[in-house]
Each structure stands twice: as structure tokens, then as C-alpha cells.
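Worksheet: the structure to be examined is printed underneath.
The values are calculated or read from the model by the stated rules, or taken from the named source; none is laboratory data. Quick caveat, the model's predicted, so the values are computed rather than measured. Cβ atoms come from the backbone with ideal geometry, glycine included; neighbour counts cover every protein chain shown. Only protein heavy atoms, including side chains, enter the accessible area calculation; ligands, DNA and RNA are left aside. Shrake-Rupley method; radii C 1.70, N 1.55, O 1.52, S 1.80 Å.
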Amino acid sequence: MSTHVNRLGEDFPRTGLPPTGTGVVVWSLYTTLDVVGGHRVEDALPVLDADERDRAGRLLRAADRHRYLASHVGLRVLLGGYLGTAPQEVSLVREDCPCCGAPHGRPAVAGGAVQFSLSHSDDLAYLAFAAVPVGVDVEALPSTSAVADVMNALHPAETAELAALPAERRPQALARLWSRKEAYFKGTGTGLAEGLAEPYVGSGPGPAAVPGWDLRDLPAPPAYAAALALRL
């Protein structure tokens, strides 16, 4: 199933109504923009909450800080559009971790009116919104050394798939695979706590079926791969 990816730019977006049922809406954003959704990134701190401001302040490189601010302004602008409120009025919380029960699980809107997921890699961010738990991930193509570092931590069948490819094709295959895994982990809220082996998602042109989840690849610019996981 193909999913359209909307583009969030400098202008305030027309979000429409929030998704219902198993509907999902995906947006992309170039985090090098100076204005996102009508807000100047350099003036963004009042739009964010205390936790977001703290995280931004701990980023030492100016480029990393700008990317973080741009992506979180974009998130709040879109959530505000779906919730019918100002971006700075959106209350974000953390769900309980499904592994340990501590409050560091999936980020969520207080009250759960809209489910969301945010991912960024290099200069690109993807944001997904749904009425059920959702995970999205975008990945820049990894280096050859990064492929070698992670290959043996994957599902044995995925390791075999990558090993069977010529070296020059492995980064694209791993980016597809990694974005699928990360989207699933973000959807469940487990992160990498339980390792990379499960579930098997495959590295081929289409993802493998994962019970209880709709896992699909998303359109992405050259040198990136992206995927979505939606709980059924």
C-alpha cells in the first residue's frame, strides 16, 4: 500500500481533521529551513516546552540544534492543527515503557487524542499521525563500515540477505531494513531495549509481514529510506 507524504514548509499547513480508524497522515520536513509552519526556527524556544528546550540546549553543534528545533516546531504546528490549538499549548508526555514500566516510553499527546511519531536523519524529518499507535522512521544511507558493524546483530535471515548482496548494494538494503525496524520499535515503544533481531522485516523491495502491524515503506528522496508501522 502506497502512502502519500505531505511536505511541511515555511507556510502554516492545512492539516484538515485528525486521522480516524486506521487512517494515517505522513509529513516530511527539511530541517535546514529557517521558517517552519509560519514560525522562525531561531525564535522557536517559546513554542516548545521545558523538556524540549532543555534537550535543544544540550546540543553543542549549531546545525544539530537547528535540526532539532525545526523538527519539534514542525511537530507542534501539525499537532496544533489536528487538535485545534496553538502549537505551544500542545501538552506532550511520555507513556510507560512496555519493557520496564518507567515513564520513558513512546512520546504522546496528553489525553491521547492523536497518536504521532517523529524521526529525523541528516537534514530530513518525517512525522506520522494516526488514531492508533504509529511509528515512522527515515534513514540516510549508511556507510559501508556501518553496514559491517550492524549486520550480525540482525535477524539471521536478514544477515544472510545482506551478505548475499554485492557490497555496493548493501547500504541501500540496510537503510530499507533499518527504517522498517525502527518504525516498528517506535510504534511499540520498546526502542532497542530488546535487540535488533526481532521482528524479521526483510531487506528486499517490500517489508515482511509483522503480526498485529501494518508495516510499509514510504516514498523517500534519493539517499534515504523511510518506513511506517501502524498497529492494526
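Taking 0.36 nm per residue of separation and subtracting the Cα-Cα distance, what length does fully extending Asp34 through Ala208 add? Each step should come with its number before you reach the end.
Values: separation 174, 0.36 × 174 = 62.64 nm, distance 3.85 nm.
In short, 58.8 nm is gained.
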Given a 1.4 Å probe and every protein chain left where it sits, what share in percent of the accessible area of the chain is carbon and sulfur?
-> 53 percent
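Counting pairs of alpha carbon atoms under 8 Å apart in space and at least six apart in sequence, what relative contact order in percent does the chain give? Present the calculation step by step, with values, prior to reporting the outcome.
Numbers: 489 pairs, mean separation 43.6, N = 232.
Relative CO of the chain lands at 19 percent.
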Sorted by accessible area (1.4 Å probe), largest first, how do Glu10, Glu95, Glu89, Glu168 line up?
-> Glu168, Glu89, Glu10, Glu95
Relative to the longest principal Cα axis of the chain, at what angle does helix 62-83 sit, 0 to 90 degrees, rounded to 10?
-> 70 degrees
Local electrostatic count, Glu52, Cβ distance below 12 Å [Lys/Arg +1, Asp/Glu -1] = +2
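Below 8 Å, C-alpha to C-alpha, sequence gap of six or more: please give me the relative contact order for the range 1-95 in percent. Show your work: numbers first, answer last.
Details: 119 pairs, mean separation 28.6, N = 95.
With pairs under 8 Å counted, the relative contact order is 30 percent.
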Name the residue, out of Pro87, Pro211, Pro18, whose mean-square fluctuation peaks in a Gaussian network model built on the chain with Cα pairs under 10 Å.
-> Pro211
Considering the dipole of the chain built from charges on the beta carbon (Lys and Arg +1, Asp and Glu -1) around the Cα centre, which of Ala163, Ser28, Thr190 is farthest to its positive end?
-> Ser28
So, counting K/R as plus one and D/E as minus one, what does the shell of residues with Cβ under 12 Å around Thr3 add up to?
-> -1
Rounded to the nearest 500, what is the chain's calculated 222 nm mean residue ellipticity when only DSSP H runs of at least 4 contribute -39500 (n - 2.57) each, over all residues?
-> -8500 deg cm²/dmol
Extension reserve of the Arg7-Cys97 stretch, reckoned as 0.36 nm per residue once the Cα distance is removed | 29.3 nm
So, over other residues within a Cβ distance under 14 Å of Asp122, counting Lys, Arg +1 and Asp, Glu -1, the net charge is -2
Using Cα centres only, tell me the gap between the range 29-72 and the range 175-232 in whole Å.
-> 27 Å
In Å and whole numbers, how far do the C-alpha atoms of the range 78-232 stretch along each principal axis, longest first?
-> 51, 34, 25
If you roll a 1.4 Å probe over the heavy atoms of the protein chains, what accessible area per residue do you get for the range 149-210, in Å²?
-> 45 Å²
Largest first, how would Lys186, Lys181 line up by accessible area (1.4 Å probe)?
-> Lys186, Lys181
Which angle from 0 to 90°, rounded to the nearest 10, does the C-alpha axis of helix 170-188 make with the longest principal axis of the chain?
-> 50 degrees
With the other protein chains left in place, how much accessible area per residue, in square angstrom, belongs to the range 48-129 at a 1.4 angstrom probe?
-> 44 Å²
